[in-house]
Structure formats: structure tokens, C-alpha cells
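Report on the structure given below.
The values are calculated or read from the model by the stated rules, or taken from the named source; none is laboratory data. Since the model is a prediction, treat every value here as computed from it, not as a measurement. Positions of Cβ are backbone-derived with ideal geometry, glycine not excepted, and every protein chain shown enters the neighbour counts. These area figures cover heavy atoms from the full protein model, side chains too; ligands, DNA and RNA do not enter into them. Shrake-Rupley method; radii C 1.70, N 1.55, O 1.52, S 1.80 Å.
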Amino acid sequence: MSYETLLVETRGTVTLVTLNRPDALNALNSQVLADLVAAFAAFDADPSQGCAVLTGSAKAFAAGADIKEMQAMDFAGMYGGDHFAGYLRFTATRKPVIAAVSGFALGGGCELAMMCDIIIAADNAKFGQPEIKLGVAPGMGGTQRLTRAVGKAKAMELCLTGRLMDAAEAERSGLVARVVPADNLLAEAIKAAETIAGMAPIAVKAVKEMVNSAYETTLTQGIQFERRLFAGLFGTADQTEGMAAFVEKRPANWTGR
Ligand code: CO8
């Protein structure tokens with residue numbers, strides 16, 4: 001399958017998706033969103049694939065939603081027309097997605113990275129929500145996900161001033177899992193993805209749901225959810241296999257059952 005605005009390749013059990021609008025610093029237009037939705041639905045449905053890496057170019061992961069496409073829009077088109085609703089479908093991906101961010105991740109680009117499950121940043125990465133400078137505000141979850149990731153003080157400052165945050169600050173603030181030298185970014189992200197893809201597939205999906213539920217529920221409800229899903233994993237063949245493999249001192253042979 002080929003896409004107008006993405007390059008998609010499989011590397012063993014890992015799907016690598018590269019945003020490919022170099023002339024616009026990977027600005028996210030409707031076509032990119034449509035392509036992302038289709039590519040990640042295909043990834044999710046492919047049992048041979050365990051984890052995905054989403055990346056951009058060395059200069060820009062994505063410099064935001066496409067300002068030239070949005071420029072002429074009015075309220076009815078944006079809200080009534082459900083412009084960009086595809087990003088909600090992207091976040092329904094059940095297998096883990098790692099964002100490998102080099103260069104600019106601004107506005108919708110920062111929001112897209114935050115929709116992924118793990119962000120690994122190159123040491124040249126810059127994150128920000130500069131929409132305020134365009135007379136608008138973040139619109140793809142930025143005020144919500146950034147606040148949950150870095151706390152109110154920093155999220156408020158970044159969204160109100162449009163200041164960009166470098167990779168070191170992003171790691172200190174809890175936005176990114178790890179910062180690596182730019183030259184190693186893809187190799188490190190793929191290595192992490194291979195590790196995840198090598199785990200029991202149902203347990204991987206369960207962990208993603210469990211951690212995400214921490215954002216959606218109270219502590220008590222989240223712990224109940226975790227407890228039930230944890231017990232549910234004891235109904236899988238991979239639990240039997242994983243624990244037997246540990247006791248027998250051999251590698252586990254997962255079946256995804
Ligand atoms: N949209 C469209 N085109 C863009 C964008 C963008 N976000 N960013 C860069 N480009 C284009 C430029 O227009 C330029 O094209 P051209 O050569 O045809 O003039 C090309 O990419 C290269 O850009 P620059 O020449 O500006 O490159 P620089 O290295 O000088 O600067 C920057 C890089 C600092 C990243 C600069 O391009 C910039 O500030 N870009 C805009 C950043 C921004 O404001 N992002 C937020 C956009 S708004 C948003 O994301 C809202 C999300 C919510 C949507 C919700 C919908 C429901």
C-alpha cells in the first residue's frame with residue numbers, strides 16, 4: 001500500500017511510518033490525516049506487526065497543522081465539518097506507537113507526537129504549541145495532553161507565549177521518555193519498538209490500555225481497571241507460556257493467544 005504523504009515500510013515486526021511532506025516541513029493537512037488513519041488501521045490489523053515508529057525528517061517531525069489549508073476556514077467548516085477528526089481515529093490504535101522526533105514538533109506536530117505512546121527525541125528536537133501567535137489555540141489535544149505531561153505551569157507558559165522547549169527541557173519535564181543523539185534516533189526508536197514487539201501481544205495491548213486509563217479515571221477506578229485486566233491476562237496461553245519459560249530458564253514462545 002502506498003500513501004501520498006507517508007512512507008510506510010515494515011522492518012520485521014516493526015512498522016516504520018515516515019511523514020513525507022518535505023516542502024512544508026511535514027505540516028499536517030487533511031491528506032496526511034487520512035493517510036495516517038489508513039496506515040495505522042492497517043498496522044493495527046496486521047498480526048505480524050507488534051509496534052510502530054512514527055517519524056518525520058531530520059529538520060521537522062511536523063511543523064504543525066497546515067496553516068495554508070486552515071487559513072480560509074470558518075467556524076462552520078472547522079467545527080460543523082469536523083475538520084481533522086481523523087486524529088481521534090489515530091489515537092484508537094491499540095498497538096503501541098513510538099514517536100521518533102527530530103527537529104520541530106510544533107502545534108499539531110507536538111500534539112501528534114503526544115498522541116503516540118512513547119516519545120523518543122533527538123537532541124536537536126524542539127517542542128512547542130505556538131498557535132497563540134496565529135491568533136488561535138492548540139486544537140488537537142495540546143492543552144490537555146501537554147498539561148497532563150508537563151503540569152499546568154509549563155503547559156500554560158508554552159501555550160500562552162508560544163515559546164519552544166528544547167529536547168533537554170522536554171525530557172526534564174516528562175514529555176519525552178529519552179533523548180538520544182540525532183544520528184541514533186531511528187536506530188534507538190526501532191530497537192525500543194522491537195523490544196515491545198517481542199513481548200506477548202495481548203499483554204502489550206493491556207499495558208497500553210492500563211497506562212492510558214490513568215489519564216481517564218480516578219486512582220481507585222484505574223486500580224480496579226488494572227486489577228481486572230491483570231486477572232484477565234491469566235486467561236491467556238501467553239501467561240502460561242511466559243511463566244513456564246521463566247521457571248524452565250528458556251525464552252518464551254508467544255502465540256498471541
Ligand atoms: N503549515 C503550512 N506550511 C508550513 C508550516 C505549517 N504549519 N510550517 C512550515 N511551513 C512551510 C513554510 O510556509 C515554507 O513553505 P514555502 O517554502 O512554500 O514558503 C516551508 O514550510 C519551510 O518553512 P520555513 O521557510 O518557515 O522554514 P524555517 O526553517 O525558516 O522555519 C519554522 C521553521 C520555525 C518551523 C517555521 O516554519 C514555522 O514557524 N512554522 C509554523 C509553526 C506553527 O505555527 N505551527 C502551528 C500551526 S497551527 C496548528 O498546528 C494548530 C493545530 C490544531 C489543528 C486542529 C484542527 C481541528
Open item on the list: So for the chain, averaging the separation of alpha carbon pairs under 8 Å that are six or more residues apart and normalising by length, what relative contact order in percent results?
Closed with: 16 percent
Open item on the list: Taking the 0 to 90 degree range and rounding to the nearest ten, how far is the long axis of helix 30-45 tilted relative to the main principal axis of the chain, both from C-alpha atoms?
Closed with: 0 degrees
- [ ] State which stretch of the chain is the longest one without any exposed GluC sites (Glu not before Pro), exposure meaning a DSSP loop state and at most 13 other Cβ atoms within 10 Å.
- [x] 5-247
Open item on the list: Given a 1.4 angstrom probe, what's the average accessible area per residue across region 121-257, in square angstrom?
Closed with: 61 Å²
Task: Extension gain, S213 back to E157 (0.36 nm per residue minus Cα-Cα distance, nm) - done: 17.5 nm
- [ ] Choose one of V101, A60, Y79: the residue whose Cα lies farthest towards the positive end of the charge dipole of region 1-114 (beta-carbon charges +1 Lys, Arg; -1 Asp, Glu; about the Cα centre).
- [x] V101
TODO: Ratio to report: Rg/Rh of the chain, with Cα atoms as the point set and Rh obtained by the Kirkwood method; give two decimals.
DONE: 0.99
Open item on the list: How charged is the neighbourhood of M1? Take every other residue with its Cβ under 13 Å from the Cβ of M1, and add Lys/Arg as +1 and Asp/Glu as -1.
Closed with: -4
Task: Residues whose placed amide H lies under 5 Å from that of H83, excluding near-sequence neighbours - done: none
Task: Cα-based convex hull, region 1-65, per residue volume (Å³, whole number) - done: 75 Å³
Open item on the list: Skipping prolines and chain starts, which residues have an amide H placed within reach, meaning under 5 Å, of the one on A65, given they are 5 or more residues away or on another chain?
Closed with: L28, G108, G109
Open item on the list: Can you give me the orientation-averaged projected area of the convex hull built on the Cα atoms of region 161-257, in nm²?
Closed with: 9.4 nm²
TODO: Could you size up the charge dipole of the chain around its Cα centre, putting +1 on the beta carbon of Lys and Arg and -1 on that of Asp and Glu, and report it in debye to the nearest 20?
DONE: 580 debye
Open item on the list: Would you calculate the convex hull of the Cα atoms in region 24-160 and tell me its volume per residue in Å³?
Closed with: 110 Å³
TODO: For the chain, find the longest principal axis of its Cα atoms and tell me its angle to the long axis of helix 152-161, 0 to 90°, nearest 10.
DONE: 30 degrees
Task: Unsatisfied cross-links (Cα-Cα over 22 Å) in the set K191/K249; K68/K133; K152/K208 - done: K191/K249; K152/K208
